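Before any comments, here is the structure.
We did not get these values from a lab; they are worked out from the coordinates using the rules stated. Computed from a predicted model, the values in this text were never measured in an experiment. Neighbour counts run over all protein chains shown; Cβ positions are idealised from the backbone, glycine included.
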Amino acid sequence: MSSSKNAAVVNYSEQKYSVELREIPVPEIGEEDILLEVENVGVCGSDLHQWTSDHSWPVNYPVVLGHEFGGKIAALGSRVSGWNVGERVVSETAAVIDSQNPMSKVGLYNLDPTRKGFGYGVNGAMTRFVRVPARCLHHVPENLSFEEACLTEPCCVAYNSVVGNSNIKPGDRVIVIGPGTIGILCAAMARLCGAEVGVLGLEGDRARLEIAKQAYGCEPLIGEDAAEAWARKRDGLGADLIIDAAGHSITLKIAMKIVRPNGQITKVGWGPQPLNFSIDPIVQKNIRLQGSFSHNWPIWERVIALLASGALNVKPIIGGVWPITEWHEAFEKMHSGQVVKSVLKPV
């Protein structure tokens, strides 16, 4: 390690735009941790929500942002086995879990109510060195760049929502609401499952919708009317599956309208706003409404295999790589919709 200090992107209070670059010490590691030297870290919509202070989860201020990351092992805790200094790895996000919780015992530690994640519960990876429990690690194959590998996490969110929590079959008609990172990756996953996919966005989303079309073969849908027409095109009844990946509660109303009877809505986007509308269509249409949160170990292994084989290509959604000192520009580009995904590199 060349220095005892790390430049870090720190979210220091719940006030809007309370994010700045600070010097922090290199973290001390416990006996079951590793010290990871970060190569790349992705900017997530949740990082942006904490920056603009419109998030709906508790944050342990001050905290280093960033939970989509990969890098090389710089040091090992005394009880860590099976890993070596210098190995290329990515890390899961469940930084703190209760191993005795019933959810953890069945492997669903992502649903442990006491779970704390990087970037809000403990210090994340928008810095050079981060402390990571060894149980969170996965190998990164040599043929997979860290710019791509750091997006394993959002790919796992998409995999869990589409493959794990949705009933999807080849030939299904699927609409994804929201062309952000998660939405586009959900669309890509649904295409891998053999579905016809439309992605619904607004007028300002044209560039991102074009990426979904060119890179993943999805139909760009601008506005609710276009989405409804596409959903009903086959037999007049609507889409088999709606994946709601938007950060607003109101989109559930659209989903209920365009899903077919006996279909499914999977909600993966967060929105803290009150609904203020009836959810009776869920009853009337016999719809399954499914939440999808996070991911666990087997999902990470599957997604890394998809990325390494080239079956899932995340390069089209990467809008640029910025040094960590230029975090503000990277956040702004993504927040304004100019790019789908910003990636940072520690300096």
Quiz item: Beyond 28 Å, what percent of the Cα pairs of the chain remain?
Solution: 41 percent
Quiz item: Tell me, what is the percent relative contact order of region 156-291, built from C-alpha pairs under 8 Å that lie six or more residues apart?
Solution: 23 percent
Quiz prompt | Under the span-like rule (Cα at least 27 Å along the axis, Kyte-Doolittle mean at least 0.0), DSSP H helices of the chain | solution = none
Quiz item: Can you pull out the GluC sites (Glu not before Pro) in region 114-186 that DSSP calls coil and that have at most 14 other Cβ atoms within 10 Å?
Solution: Glu142
Quiz item: In region 1-101, what GluC sites (Glu not before Pro) fall in a loop by DSSP, with at most 11 other Cβ atoms inside 10 Å?
Solution: Glu28, Glu31
Quiz item: Not counting the cut sites, what is the longest span of the chain without chymotrypsin sites (Phe, Trp or Tyr not before Pro) that DSSP labels loop and that have at most 15 other Cβ atoms within 10 Å?
Solution: 84-276
Exercise. Take every DSSP beta bridge with both residues inside region 156-291 and express the antiparallel ones as a percent of the total, to the nearest 5.
Key: 0 percent
Quiz item: How many percent of DSSP beta bridges within the chain run antiparallel, rounded to 5?
Solution: 55 percent
Practice problem: Rank Met103, Met126, Met334 by mean-square fluctuation in a GNM of the chain with C-alpha springs under 10 angstrom and give only the top-ranked residue. | Solution: Met103
Exercise. Starting at the first residue of region 23-37, write each ³J(HN,Hα) from the Karplus equation 6.51 cos²θ - 1.76 cosθ + 1.60 with θ = phi - 60°, in whole Hz, x for Gly and Pro.
Key: 8, 10, x, 4, x, 7, 10, x, 6, 10, 9, 10, 9, 9, 8
Exercise. Compute the label zone of Asn286 within region 249-271: residues whose backbone N is under 20 Å from the point 7 Å along Cα-to-Cβ.
Key: 256-266
Self-check item: Cα centroid separation - region 166-220 against region 1-43, whole Å
Solution: 34 Å
Quiz item: In whole Hz, what ³J(HN,Hα) sequence does region 95-104 give by Karplus (6.51, -1.76, 1.60; θ = phi - 60°), x for Gly and Pro?
Solution: 5, 10, 9, 9, 5, 8, 5, x, 5, 5
Quiz item: Could you give the longest part of the chain that holds none of the trypsin sites (Lys or Arg not before Pro) found in DSSP loops with at most 16 neighbouring Cβ atoms within 10 Å?
Solution: 80-231
Quiz item: Which cross-chain or sequence-distant (5 or more) residues have an amide H under 5 Å from the amide H of Ile287, H modelled 1.01 Å from N in plane?
Solution: Asn262
Exercise. Report, ordered by chain and residue number, the lysines lying within cross-link reach of Lys169, taken as a straight Cα distance under 25 Å and ignoring same-chain residues fewer than 8 apart.
Key: Lys213, Lys233, Lys253, Lys257, Lys267, Lys285
Practice problem: Would you compute, from DSSP H runs of 4+ residues alone, the mean residue ellipticity of the chain at 222 nm, taking -39500 (n - 2.57) per run and dividing by the full residue count, rounded to the nearest 500? | Solution: -7000 deg cm²/dmol
Quiz item: Which of Gly204, Gly271, Gly263 moves most in a GNM of the chain, Cα contacts under 10 Å?
Solution: Gly204
